1. Apply the a/c threshold of 1.5 to the C-alpha gyration tensor of the stretch 14-142 and tell me whether it is rounded, prolate or oblate.
2. Compute the FRET efficiency between residue 19 and residue 103 as 1/(1 + (r/R0)^6), taking r as their Cβ-Cβ distance and R0 = 25 Å, and round to the nearest 0.05.
3. Could you please rank 68, 51, placing first whichever residue has the fewest other Cβ atoms within 10 Å of its Cβ?
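Just so it is clear, none of the values below were taken in a lab; they were calculated from the coordinates. Computed from a predicted model, the values in this text were never measured in an experiment. In this analysis, Cβ positions are derived from the backbone assuming ideal geometry, glycine residues included, and neighbour counts consider all displayed protein chains.
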Amino acid sequence: MTLKCFPLISILLGVVLLVGFFLAGLVIHGGVQGWWIAPVLGSLSEVPLMLGATILTAFNDNAAITYLSTLVPGFTDSLKYAVVVGAVTGGGLTIIANAPNPAGQSILKRHFDDAISPLGLLTAALMPTMIIWLCFALLGRS
């Protein structure tokens, strides 16, 4: 969908449509995942749930992880907190799973020889991720 006289509008419209399709797909396809995700997540306590969300965020979008956790009936506020905190703390472990990471990569690419190594990114992000994870786990909600 291009509007020749308004190129900026067509670029923004394309981005908006992509985000809309992503969220629609998340709701449509995520909704049918409740049969297996509810028993799995429902059997976990706070710390394993938080750790699992942190690790999964390196491979999946954190919106998908937090949405799937809403499919678990009877999730307490502390379990919801664990999922969100895990998803937030794992956001720097990968480039592809979170939208700000490719933007940061494009800004910093001149400081790297060829490209950012996924293993190098994981190595560099592991310590800050563990520190933030421990802060959330030990300090908890106030």
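1. oblate
2. Given R0 = 25 Å and the Cβ-Cβ separation, E is 0.95.
3. If I rank by nearby Cβ atoms, fewest first, I get 51, 68.
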